[in-house]
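Okay, so here's the structure we're looking at.
The values are calculated or read from the model by the stated rules, or taken from the named source; none is laboratory data. Keep in mind that this is a model prediction, so the values were computed, not measured. Using ideal geometry, Cβ is built from the backbone for each residue, glycine included, and neighbour counts are taken over all protein chains shown.
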There are 2 protein chains.
Amino acid sequence: MGKMNWFCEEQTPGLKLCFKYRELLHSEETPYQKIEVYDTEEYGRILLLDGKVMLTEKDGFIYHEMLVHPAMGYLKKREKVVIIGGGDGGCLKEVLKYPVKEVYVVEIDRRVVEVSKKYLPFLASSFDDPRVKVFYEDGYRWLKEREDKFDLVIVDSTDPVGPAEILFSDEFLRVVSEKSFLYVTQSESPFLHVDFLRDFLKRVKKYFPYPLVYLAWIPTYPSGMWSFVMGRKRDTDIPDSPPPGLRYYTPRLFEASRVLPVFVWKRLYSP
Amino acid sequence: MGKMNWFCEEQTPGLKLCFKYRELLHSEETPYQKIEVYDTEEYGRILLLDGKVMLTEKDGFIYHEMLVHPAMGYLKKREKVVIIGGGDGGCLKEVLKYPVKEVYVVEIDRRVVEVSKKYLPFLASSFDDPRVKVFYEDGYRWLKEREDKFDLVIVDSTDPVGPAEILFSDEFLRVVSEKSFLYVTQSESPFLHVDFLRDFLKRVKKYFPYPLVYLAWIPTYPSGMWSFVMGRKRDTDIPDSPPPGLRYYTPRLFEASRVLPVFVWKRLYSP
């Protein structure tokens, strides 16, 4: 067994989630953030950025499937998909389950991709697919400067502070809406950050008149209750059947994930 | 502010959830268990039994509403309801929102009720309602020895180990099915304990041929993803409108809460 230690994520000022771990596999400070990879007893390998859990080997599939498949299911044309952030390759892996032509991953921090290739190969091997093009750039600037259009923009980002703050701004949403019909992002915990979600949803609606909010259980994110916002320029049909082999998502589950608990619904939609 | 300390619940051998607290309000060992009440920064007052979080002031409403309202919504006749466990009064408070005639609370540990009355009056004041009769007895034995029948049996218990183990057994389910048409219980985390849930569901089905499994987010329970099992002797209509003022439950949310993620569905229903 060897000796066991614990590390904790301070999820909020009054709450910590602590994991027993076998080994700290990697730790470095990049110009953008601190990257750490732990090998834990309960959740397998865990990637942290600035001390926040980004994904775990055990429950990461929930986040990746729920970020990717609802929007992919709505697409009639699946030629060009953009992922902003997502340097671990988990969302990319889900996108590549469809017959897409090209996927652009725009990750600001090259080291996230390199570290993930080394320690999270079950996700990051998706970067070897010939349909993938990686850009190590600021996502907002990259998107603004592209001349072409895309079928979907997925934002797989950290919390809306520091480098990711821009990805939840008006300027960014305007640029996304000029380049794509459909857009999806994680949008924090509706249990802990419902005011953020309400304000963000209002901003999304200015550029995508038919936004959807939906929820998923993500055990290792603060409160376990997580939200996503999908921006749509027009109303869409029910999503298509997903590829086989998924472990969380079905179109029916997606419909269910849009039925919000009263306390969330009231904060988002009552005057 | 005063000085702040932390206490942790060991949710699984590899995972701890830690709360910053202002004060340990109460701690005692009874013949049945250790009872503690903390005043925390993030979740308000928290009741722990044997070191496990039973409820918090901030998110307890989710558990109480989801345990009570789906089953109450199915009842045509709401005269006599039994709560086994539930010494904190949270479920009782929800049941009393309906025009029931009598509610029997069968709590094995008198001290849970007394401590809750002192430290959780926002829940435990429900014991003052004249429709309530409290018995400090073993729930299984109490139910077995009653001659009369009930409209609903609610089991609001701790984990299925120690004193609560009997409440998930065949003998207990048989007795419940002799006394009531409808039955509901919490049934652990489908993320962490899906095999327990599968085996338990099979047992329930022997006595209640139309069982339902449904889920809720409970941020302070292990993994945040929690399950409930409702036992029904025959198929029922959609539940009635709940009383006003609820913060989580709606009949539509209940329908949604029955759509299970693929990994849960497969473990419960595939051969």
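Looking only at helices (runs of 4 or more DSSP H) that lie completely in region A:71-126, which have at least 2 residues being within 17 Å of the chain's Cα centre (by Cα) and over 22 Å from A:Y249 (Cβ atoms)?
On the way: elements: A:90-95, A:110-119, A:121-124.
Per the criteria, A:110-119.
Does A:K76 satisfy the condition of being out of contact with any Leu (no Cβ under 9 Å at 6 or more places or on another chain) and either more than 21 Å from A:R110 (Cα to Cα) or more than 14 Å from chain B (Cβ to nearest Cβ) (or both)?
On the way: out of contact with any Leu (no Cβ under 9 Å at 6 or more places or on another chain): yes; either more than 21 Å from A:R110 (Cα to Cα) or more than 14 Å from chain B (Cβ to nearest Cβ) (or both): yes.
Taking the combined requirement at face value, the residue satisfies it.
Here are some residues: B:P160, B:P190. Which one is modelled with pLDDT under 95 and either surrounded by fewer than 21 Cβ atoms within 10 Å (Cβ to Cβ) or closer than 30 Å to B:V262 by Cα (or both)? Explain how you work it out, then say what you get.
Values: B:P190 fails: modelled with pLDDT under 95.
Result of the check over B:P160, B:P190: B:P160.
From the residues in region B:47-58 that are in contact with a Gly (Cβ under 8 Å, 6 or more places away or on another chain) and in a strand (DSSP E or B), which one is nearest to the other protein chains (Cβ to nearest Cβ)? Before the answer, list the steps.
Filtering region B:47-58 for residues in contact with a Gly (Cβ under 8 Å, 6 or more places away or on another chain) gives B:50, B:55-58.
So of that shortlist, the ones also in a strand (DSSP E or B) come out as B:55-56.
Details: B:L55: 15, B:T56: 11 Å.
So, considering only residues that are in contact with a Gly (Cβ under 8 Å, 6 or more places away or on another chain) and in a strand (DSSP E or B), the one nearest to the other protein chains (Cβ to nearest Cβ) is B:T56.
Is it true that B:E94 is surrounded by fewer than 21 Cβ atoms within 10 Å (Cβ to Cβ), touching a residue at least 24 places away in the same chain (Cβ under 8 Å) and acidic (D, E)? Steps first, answer last, please.
Working: surrounded by fewer than 21 Cβ atoms within 10 Å (Cβ to Cβ): no; touching a residue at least 24 places away in the same chain (Cβ under 8 Å): yes; acidic (D, E): yes.
Criteria not met by B:E94.
For A:H64, all conditions in the list (1) surrounded by 23 or more Cβ atoms within 10 Å (Cβ to Cβ); (2) within 14 Å of chain B (Cβ to nearest Cβ); (3) closer than 21 Å to B:Q11 by Cα hold save one; what is the number of the exception?
(3)
Condition check ((1) closer than 24 Å to A:F61 by Cβ; (2) outside the structural domain of A:S169 (by TED's automatic domain parsing); (3) surrounded by 15 or more Cβ atoms within 10 Å (Cβ to Cβ); (4) at pLDDT below 95) across all residues:
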| residue | (1), (2), (3), (4) |
| --- | --- |
| A:E107 | yes, no, yes, no |
| A:V112 | yes, no, yes, no |
| A:V115 | yes, no, yes, no |
| A:D128 | yes, no, no, no |
| A:W142 | no, no, yes, no |
| A:D148 | no, no, no, no |
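Take the residues in region A:1-46 that are in a loop (DSSP other than H, G, I, E, B), closer than 30 Å to B:Y43 by Cβ and over 20 Å from the mean Cα position of the chain (by Cα), then tell me which one is farthest from the other protein chains (Cβ to nearest Cβ). It would help to see each step written out before you state the result.
If we filter region A:1-46 for residues that are in a loop (DSSP other than H, G, I, E, B), which is where we start, we get A:1-4, A:13-14, A:30-33, A:41-43.
Then drop every residue that is not closer than 30 Å to B:Y43 by Cβ, which leaves A:4, A:13-14, A:33, A:41-43.
Narrowing further to those that are over 20 Å from the mean Cα position of the chain (by Cα): A:4, A:13-14, A:41-42.
Working: A:M4: 9, A:P13: 7, A:G14: 3, A:E41: 4, A:E42: 3 Å.
If we take residues in region A:1-46 being in a loop (DSSP other than H, G, I, E, B), closer than 30 Å to B:Y43 by Cβ and over 20 Å from the mean Cα position of the chain (by Cα), then A:M4 is farthest from the other protein chains (Cβ to nearest Cβ).
Going by the conditions given, is B:E36 closer than 26 Å to A:L15 by Cβ, at pLDDT below 95 and either in contact with a Leu (Cβ under 7 Å, 6 or more places away or on another chain) or of a type outside the set (S, T, N, Q) (or both)? Show your work before the answer.
Numbers: closer than 26 Å to A:L15 by Cβ: yes; at pLDDT below 95: no; either in contact with a Leu (Cβ under 7 Å, 6 or more places away or on another chain) or of a type outside the set (S, T, N, Q) (or both): yes.
No; evaluated as a whole, the condition is false for this residue.
Given the conditions (1) over 15 Å from A:D159 (Cβ atoms); (2) buried (at least 21 other Cβ atoms within 10 Å of the Cβ); (3) not acidic (D, E), which single one is not true for A:S227?
(1)
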